[in-house]
Amino acid sequence: MSAVRPNLCPQLSEDVVSKLRSAGVKTVVDLIKTDLEGLALETSLPYKDLVIIRRLLLAQFSTFPVNCSDFYLTTIASSSIIPTPAEKLNELLDGGLYTSEVTEIAGEISSGKTQFCLSLCVSVVMKARQNVVFIDTCGGFSADRLAEIAESLYGEEHLEHILQSVKVIEAFDIFHLMTALQTIKDKMVKKVDPFYDTLKLLVVDSITAVIYPSLGGQQMDGHGLMVQLSLKLRHLAADFSLCVLVVNNVIGDGKVSLGKTWSHVPHCRLLISHPKDQESNVRELVLIKSSRLATGGKTKIGITEKGIEDWT
Amino acid sequence: MQSQRELCSFPIAPSHKSKLTSAGFLITEDLKHLKPSELSKETGIGLEECLEILKLVCSESVDGSKRNEAPKPAVSALERLKEEQSLPPIITFSEGLDNMLGGGVPLCKITEFCGAPGVGKTQMCMQIAVDVQIPSQFGGLQGEAVYIDTEGSFIVERLVDIAKATVDHCNEMARLEGFKEGEITVESVLSGVHFYRCHDYVELLATVHLLPEFIKKHPKIKVVLVDSVAFHFRHDFDDLSLRTRLLTTMAQSFIKLATEFKIAIVLTNQMTTKFSPGEDSRLVPALGESWGHASTIRVILYWEGQKRWAWLYKSPSKKESRVPYQITMGGVRDIVTFPADNSNDQSDDEPSSKRQKVS
């Protein structure tokens, strides 16, 4: 949807646009909705011209059917699977995290959500040879810890490369986060920065921290912003074959924050928790939402100086 | 080609957003090359507001980093590591606690101390308020502190005690190292603590909002302490969702403050009893679980028998662990259970020798 502007199509000259505007037709949708005969009389524009404009605009703003076999081939060509550092977790996720999807990891306080993200950053750089953007919304990013994971897994010679392949953006409110996402999109479209050509993983840690302050109460604006943000994340994932990983909170007894509307956003949702009868560095991961796999599967991981790994 | 951004993702007032939408202005492209007067005529929004909107949208669409309030550009983790390493943490005078936290209370992060009454939260805050002022030749930050007291538990005589012990300690070190004495005095320590007393949550929120201006005027400030963040939020709140919103907004202002000015934020929190069916009731930090995600580092202080323990419960960079500590006349110190091995590391055995002298 867009405003009716001059030069949107050849017939739409400045003059025509101003006549349409004075008749109350301001957006393309307005033009499609209105009765053209009435509009022709009101604006004294030729009926024929209006029909042509409408037809052109409809063609311009509609979407086209795609042959599923072609679609399948492009999907196969453009998508990839990012393996996590834990083998059993990869089995649970059918290989790892998928690109073009939004994956969510939700957990209670100090359940290891940030550790999962940091571990995955290292894994993407070293195993998939791709880059990472880490958007930090609550000060949880620790370069020190990232370096520790990278060094204990791959040694000092790769440390610099790994750290340079991860970029960090700080955004502490929802508008800054939107601006940051827009900047990433612009950079990927323009292809001026080689870093963004091989960007594969986008981490937002955490999404709750920026949405919570505006959610609830009498203002409906917060809810709208949340939906807007979810659209942006999903578009980024789909348009650029990115793997988007968002962190969410769990409050109370396993209830994931942000409510029902948000629960439709991630394609895949993992719950991370600390089983009470286990050692302090053991975590259990449960797949509670997936568009491809049976849900309910679980696996155990351990958090060590090497980040996350299988727990046996 | 510049990709399009929807106008509703900008910080524009909701009433203006709806006016823009109904007038057909939906993406940044729609507002390009438009004069405020034209926009005002089309939408019915006041002229000055239109100018504001155009400034906001157009400067952003040219280059995201040009605006003052735009987020900082992306930096690589390598630069972040160098930055993290260049910022010295604030020591607490308890070596065990410092080691657990990775050298002390870190800058650019929110550290939360939770604990039952009397376990030493306020003492910890006062200790940090003093320690942040240790001159740089002794490895300190030579900074100043903002102390926000909500409970009325700040006792200035106690701060004098801690300051005295710290000054004595520094002078002793100066003698040993051959530095000039008197770099730090009790008077200088006291004048380096900016004290706020907040009587209700509105005052607290207002203070937090005004802090950026205050810190700009006092660039030496390296730590903001709030003792306690919980007090005013634990009573007289009928609307719990409002409480959550206020708390999370405050948390985001704190982390913004911490990273913008590269200062440490130290909060204290009370404990509350949690009942869950089939289990014994237990003590958990107050303010609910959504608040728990707000702090970067959470340390729980508790008693076990006659000993005080600090338990690192949450940290993005350090493992969960526990250390005992004690509170002496001179402030927060290690408990020395075995004869302190006299390693040649000066700063390490200093706290214990200090403790012996004072107590």
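Summary table below
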quantity	calculated
Of residues in region B:313-334 being within 20 Å of B:GLY103 (Cβ to Cβ) and among the aliphatic types (A, V, I, L, M), the one modelled with the highest pLDDT	B:VAL323
Single unsatisfied condition, A:ARG234 versus (1) over 25 Å from B:PRO106 (Cα atoms); (2) under 18 Å from the mean Cα position of the chain (by Cα); (3) within 11 Å of chain B (Cβ to nearest Cβ); (4) of a type in the set (D, E, K, R)	(3)
Of residues in region A:25-50 being under 39 Å from the mean Cα position of the chain (by Cα) and part of a helix (DSSP H, G or I), the one surrounded by the fewest Cβ atoms within 10 Å (Cβ to Cβ)	A:LYS33
Residues of region B:14-38 satisfying the condition of being modelled with pLDDT under 80, part of a helix (DSSP H, G or I) and small (Gly, Ala, Ser)	B:SER22
Hits in region A:249-300 (condition: of a type in the set (A, V, I, L, M), within 14 Å of another protein chain (Cβ to nearest Cβ) and out of contact with any Phe, Trp or Tyr (no Cβ under 6 Å at 6 or more places or on another chain))	A:VAL250, A:ILE251, A:VAL256, A:LEU258, A:ILE272
In region B:148-198, the residues that are touching a residue at least 40 places away in the same chain (Cβ under 8 Å), more than 20 Å from B:GLN127 (Cα to Cα) and not in a helix (DSSP H, G or I)	B:PHE179, B:CYS198
The lone exception for A:THR99 - which of (1) surrounded by fewer than 20 Cβ atoms within 10 Å (Cβ to Cβ); (2) closer than 30 Å to A:LEU258 by Cα; (3) of a type in the set (S, T, N, Q) it fails	(1)
When residues of region B:153-202 are limited to those that are touching an Asp or Glu at 6+ places or on another chain (Cβ under 6 Å) and of a type in the set (Gly, Ala, Ser), the one surrounded by the fewest Cβ atoms within 10 Å (Cβ to Cβ)	B:ALA174
Matching entry among A:THR84, A:THR103 (being within 30 Å of B:GLU112 (Cα to Cα), more than 14 Å from chain B (Cβ to nearest Cβ) and modelled with pLDDT of 90 or more)	A:THR103
Region B:253-283 - residue that is within 10 Å of chain A (Cβ to nearest Cβ) and in contact (Cβ under 8 Å) with a residue 24 or more places away in the chain and, of those, surrounded by the most Cβ atoms within 10 Å (Cβ to Cβ)	B:ILE265
Filter pass, A:SER273 being touching a residue at least 40 places away in the same chain (Cβ under 8 Å), of a type outside the set (Phe, Trp, Tyr) and within 29 Å of A:GLU151 (Cβ to Cβ)	yes
Residue match in region B:203-221 (condition: touching a strand residue (DSSP E or B) at 6+ places or on another chain (Cβ under 8 Å), part of a loop (DSSP other than H, G, I, E, B), surrounded by 19 or more Cβ atoms within 10 Å (Cβ to Cβ) and not aliphatic (A, V, I, L, M))	no
Residue selected from region A:124-159 under the condition polar (S, T, N, Q) and in contact with a helix residue (DSSP H, G or I) (Cβ under 9 Å, 6 or more places away or on another chain), by the criterion farthest from the other protein chains (Cβ to nearest Cβ)	A:GLN130
Among the candidates A:VAL124, A:VAL132, A:VAL168, residue that is within 19 Å of the chain's Cα centre (by Cα), in contact (Cβ under 8 Å) with a residue 12 or more places away in the chain and more than 30 Å from B:THR248 (Cα to Cα)	A:VAL124
Answer from A:VAL247, A:VAL265 - the residue that is buried (at least 16 other Cβ atoms within 10 Å of the Cβ), of a type in the set (A, V, I, L, M) and in a loop (DSSP other than H, G, I, E, B)	A:VAL265
Residues located in region A:182-203, provided they are of a type in the set (A, V, I, L, M, F, W, C) and in contact (Cβ under 8 Å) with a residue 12 or more places away in the chain	A:ILE184, A:MET188, A:PHE195, A:LEU199, A:LEU201, A:LEU202, A:VAL203
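The values are calculated or read from the model by the stated rules, or taken from the named source; none is laboratory data. From a predicted model like this one, the values you see are computed outputs, not experimental measurements. Please note: Cβ atoms are built from the backbone with ideal geometry, for glycine as well, and neighbour counts cover all protein chains shown.
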